[in-house]
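Take a look at the structure set out below.
The values are calculated or read from the model by the stated rules, or taken from the named source; none is laboratory data. Since the model is a prediction, treat every value here as computed from it, not as a measurement. Cβ atoms come from the backbone with ideal geometry, glycine included; neighbour counts cover every protein chain shown. The protein model used for the area step is the full one, side chains on, heavy atoms only, and it has no ligands, DNA or RNA in it. Shrake-Rupley method; radii C 1.70, N 1.55, O 1.52, S 1.80 Å.
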Amino acid sequence: MLDELIKNLIIVKQDFAQNYTGSAHIQEVIPVSPSNQFPIEQHHLEMLHDFAQKNPIYFNSFEEKIAGIQCTVYEGDINQYWLNSIKHGSSCQPFYPTWIMSAYVMALIAKKLGYKELVDIGSGDGRISFCGNFLGLVSHSIEIDDVLVELQDKIRKTTNQNFNLKCEDALEFDYSQLQLIHPLFFIGGLSQMGGDILAISIIDKINSISNLSNNAGLVFAGTNSKKHLSSNLSNGGWGSIIEKYNLNIVDTVSLPTVWTFDQTIETPYIYTNFN
Ligand SMILES: C[S@@+](CC[C@H](N)C(=O)[O-])C[C@H]1O[C@@H](n2cnc3c(N)ncnc32)[C@H](O)[C@@H]1O
């Protein structure tokens, strides 16, 4: 079911990106209803639309048939949030969201792998935590930017999703206070653009909490884009960190993101755990 969903999401994204004639700063699509190509629970789909409709970064939406699937296109603008997100001294990556559908798939995989908690490090508008929460994972958002935290709080309230939200520098935060048992950490940044600093800090912190690493996993957002890859071409740019910390690769899944909208390749998300 998941493989089918991922395959069709990429087909829809590619078709949409090739034929999109609008001029919005960002745009993404969500199927209108479940189908063989998108075998998603009706209620889950409704939650994803609710997230987009209650999220002020989207200012317009319309229905369109894309690659044979009736979808809602959401158009938005993140310029102001992007600018805010880079003003912090220890910002490791500006705000760029993954697609809502991709966040849903990422949280589904977390659940399938048996994790009980999800921690999104650099959580932007909170879409990964939002999806984790309605899928029944205890979900935590860590975000450095107060304006994005305010945005998440607003979405949390209007969608009735009570995921945990912390306005904190992820490099300084004390993760022991979350009382994690079986968590999956999502690292919100490309390795070459500051995500590596986030990842190394989180790995050290996980290792400093007794018994946590045995049960914890990490998901890295990689890139296959040649412009980002200079010396380290393996595992979307995460090869050296995976090797240095002796992590196992459990799964790699390519999904649409805002930053790969114009590209023919998607963003590889690499699921790892500790050896
Ligand atoms: C690429 S965005 C990812 C957003 C979200 N995880 C997603 O996939 O849609 C990276 C986010 O990390 C946040 N960030 C950067 N450095 C951070 C830090 N040191 N502590 C907490 N958040 C940080 C940025 O403000 C931004 O919102």
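Remarks
- For region 131-146, the criterion of being of a type outside the set (S, T, N, Q), within 20 Å of K7 (Cα to Cα) and open to solvent by less than 30 Å² (accessible area, probe 1.4 Å) is met by at least one residue.
- Hits in region 134-164 (condition: farther than 20 Å from Y58 by Cβ and either without any contact (Cβ under 8 Å) to a residue 40 or more places away in the chain or more than 9 Å from the ligand (Cβ to nearest atom) (or both)): L135, G136, L137, V138, S139, H140, I142, D146, N162, N164
- Filtering I181, I100, I187, I200 for residues that are open to solvent by less than 10 Å² (accessible area, probe 1.4 Å), touching a residue at least 24 places away in the same chain (Cβ under 8 Å) and under 17 Å from N273 (Cβ atoms) leaves a single hit, I187.
- Test: residue in region 190-204 that is assigned to a loop (DSSP other than H, G, I, E, B) and either within 15 Å of the chain's Cα centre (by Cα) or more than 30 Å from N79 (Cβ to Cβ) (or both): no
- Test: residue in region 106-113 that is modelled with pLDDT of 95 or more, of a type in the set (V, I, T) and in contact with a Cys (Cβ under 7 Å, 6 or more places away or on another chain): no
- Test: residue in region 76-93 that is among the charged types (D, E, K, R), open to solvent by less than 10 Å² (accessible area, probe 1.4 Å) and more than 6 Å from the ligand (Cβ to nearest atom): no
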